[in-house]
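Below you'll find the structure, written out as structure tokens, and then a few comments.
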Ligand code: NDP
Ligand code: MG
């Protein structure tokens, strides 16, 4: 039987990698979504003969509808349109919207036996416990697309859960791994989006440069695999060949390796529990020669420390961290905040939210979105204080 797939965030980097794998025709496309890029979405909907195309931004609806005239694709818009697209029946829902905007539509897509291929780590950071509880209640199967978590998922299959002692996520260290603190003070958004190993969207590329991405991934792993913060570790590995390591009580360490190409973990999720037989780039370790590992520098990259501490605090702290970080990244991209202002602003928002009692554990999606909203407004209020230092 042909497997059907829907993609939330089809016009992004993960969306493009996924569609690339679907081009061989072994899959059928049900729904595709974007935020506002109606042109790109309509082109993809036409190419893949999608049943539904949805834009989150209602202002883009007319353009989308016009561009889809004469096709069988139904055009939708707004929060309801996104929820309808997410819930449309398909075997796999690939969740690849960027940011906390992905939470509500992804949860709207939960259904019994449906595979949720999750790239949007912010779902688990904003409301991890709720997200996993809802998935279980609805019988949805969450499969991690994020390369490190996909690696952990694969390595965990080598032993019983109660025999796991430690899970280590690797991090490339980003483009500024060896940069001095003084030089870090003046890096530009253009430099920050240039990742050495992966080609990704702008937001996650900047998160990789601050190491906030690895912090978000620690939180993602804690909820996804139900691990205590003390069981989670980070290792810098500039080649991005070993994606994660699982250590068992008997001292055995199982690692997953692959060429750094997101199509590999995406293909894993699309074919699971089988393996996709495609022309994947293969590893040549002899050619690579050496693999390098080092401990992360929490002083030069304080975002990682902040994320770990938010994970330890628990409740709504990861949600506040994420929202503040999204505002900080936008400000950095707009050159209103320095690179080091990003963790500075996030820390200030976390302090304010703690003092004012906004770190509660979200019980519902609306709860999570309300705290997200408060944290964003705190970040906007505190921004000018940090922005002044950017110029
Ligand atoms: P991109 O920025 O490339 O794409 C984001 C997608 O989300 C686009 O389709 C965009 O639509 C859509 N979108 C943006 N804002 C909204 C919104 N408010 N409502 C609805 N849709 C929206 O991101 P990536 O593909 O790089 O990343 C997607 C997710 O996957 C992120 O959570 C990231 O952390 C995660 N991830 C990405 C990896 C990568 O290699 N890129 C690796 C591991 C995880 P439009 O085009 O209209 O703006
Ligand atoms: Mg990752």
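For this structure, a couple of remarks:
- Members of the range 345-386 found to be touching a helix residue (DSSP H, G or I) at 6+ places or on another chain (Cβ under 9 Å) and under 17 Å from residue 303 (Cβ atoms), listed by number: 345, 346, 347, 348, 349, 350, 353, 375, 379, 382, 383, 386
- The number of residues in the range 82-116 that are within 18 Å of residue 50 (Cα to Cα) and without any contact (Cβ under 8 Å) to a residue 40 or more places away in the chain comes to 3.
- Checked against (1) part of a helix (DSSP H, G or I); (2) within 16 Å of ligand 2 (Cβ to nearest atom); (3) farther than 19 Å from residue 204 by Cβ; (4) within 18 Å of the chain's Cα centre (by Cα), residue 168 passes all but a single condition, namely (1).
- Residue in the range 56-69 that is within 21 Å of residue 266 (Cα to Cα), surrounded by fewer than 22 Cβ atoms within 10 Å (Cβ to Cβ), at pLDDT 95 or above and within 12 Å of ligand 1 (Cβ to nearest atom) present: no
- Filtered by the rule that a residue be within 14 Å of the chain's Cα centre (by Cα), farther than 19 Å from residue 203 by Cβ and surrounded by fewer than 23 Cβ atoms within 10 Å (Cβ to Cβ), the range 97-134 gives no residues.
- Looking only at the range 363-372, residues that are free of Cβ contacts under 8 Å to residues at least 40 places away in the same chain and surrounded by fewer than 13 Cβ atoms within 10 Å (Cβ to Cβ) come to 1 in all.
Residues checked against (1) surrounded by fewer than 24 Cβ atoms within 10 Å (Cβ to Cβ); (2) in contact (Cβ under 8 Å) with a residue 12 or more places away in the chain; (3) within 22 Å of residue 213 (Cβ to Cβ):
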{"site": "316", "(1), (2), (3)": "no, yes, yes"}
{"site": "319", "(1), (2), (3)": "no, yes, yes"}
{"site": "325", "(1), (2), (3)": "no, yes, yes"}
{"site": "347", "(1), (2), (3)": "yes, yes, yes"}
{"site": "355", "(1), (2), (3)": "yes, no, no"}
{"site": "375", "(1), (2), (3)": "no, yes, yes"}
{"site": "387", "(1), (2), (3)": "yes, yes, no"}
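- Scanning the range 327-340 for residues that are in contact (Cβ under 8 Å) with a residue 40 or more places away in the chain and outside any helix (DSSP H, G or I), we see that the one that is surrounded by the fewest Cβ atoms within 10 Å (Cβ to Cβ) is 335.
- Contact map, the range 195-214: residues that are under 13 Å from residue 342 (Cα atoms) paired with residues that are outside any helix (DSSP H, G or I) and within 7 Å of ligand 1 (Cβ to nearest atom), Cβ distance under 7 Å, separation 6+ or inter-chain. Pairs shown: 203/98; 203/99.
- Residue count for the range 269-286, restricted to those that are more than 23 Å from the chain's Cα centre (by Cα), free of Cβ contacts under 8 Å to residues at least 40 places away in the same chain and part of a loop (DSSP other than H, G, I, E, B): 5
- If the condition is being touching a helix residue (DSSP H, G or I) at 6+ places or on another chain (Cβ under 6 Å) and more than 12 Å from residue 339 (Cβ to Cβ), then the range 169-192 contributes 169, 171.
- Residue match in the range 249-258 (condition: in a loop (DSSP other than H, G, I, E, B), within 22 Å of the chain's Cα centre (by Cα) and over 26 Å from residue 341 (Cβ atoms)): yes
- Cβ pairs under 8 Å, 6+ apart, first in the range 1-21 and farther than 12 Å from residue 119 by Cα, second within 15 Å of ligand 2 (Cβ to nearest atom) and not in a loop (DSSP other than H, G, I, E, B): 20/263; 21/263; 21/266
- Listed here are the helices (runs of 4 or more DSSP H) enclosed by the range 180-225 that have at least 2 residues being within 12 Å of ligand 1 (Cβ to nearest atom): 202-210, 212-224.
- Of all residues in the range 33-54, those being near ligand 1 (Cβ under 10 Å from one of its atoms), in a loop (DSSP other than H, G, I, E, B) and within 16 Å of residue 84 (Cα to Cα) number 1.
- Qualifying residue in the range 14-21 (condition: within 16 Å of ligand 2 (Cβ to nearest atom), crowded, with 23+ Cβ neighbours inside 10 Å and on the phi > 0 side of the Ramachandran plot): no
- Among the residues making up the range 198-207, a single one is over 11 Å from the mean Cα position of the chain (by Cα) and surrounded by 24 or more Cβ atoms within 10 Å (Cβ to Cβ): 206.
The values are calculated or read from the model by the stated rules, or taken from the named source; none is laboratory data. If you're wondering where the values come from, they're calculated on a predicted model, not measured in any experiment. With ideal geometry, Cβ positions are generated from the backbone for all residues, glycine too; neighbour counts draw on all protein chains shown.
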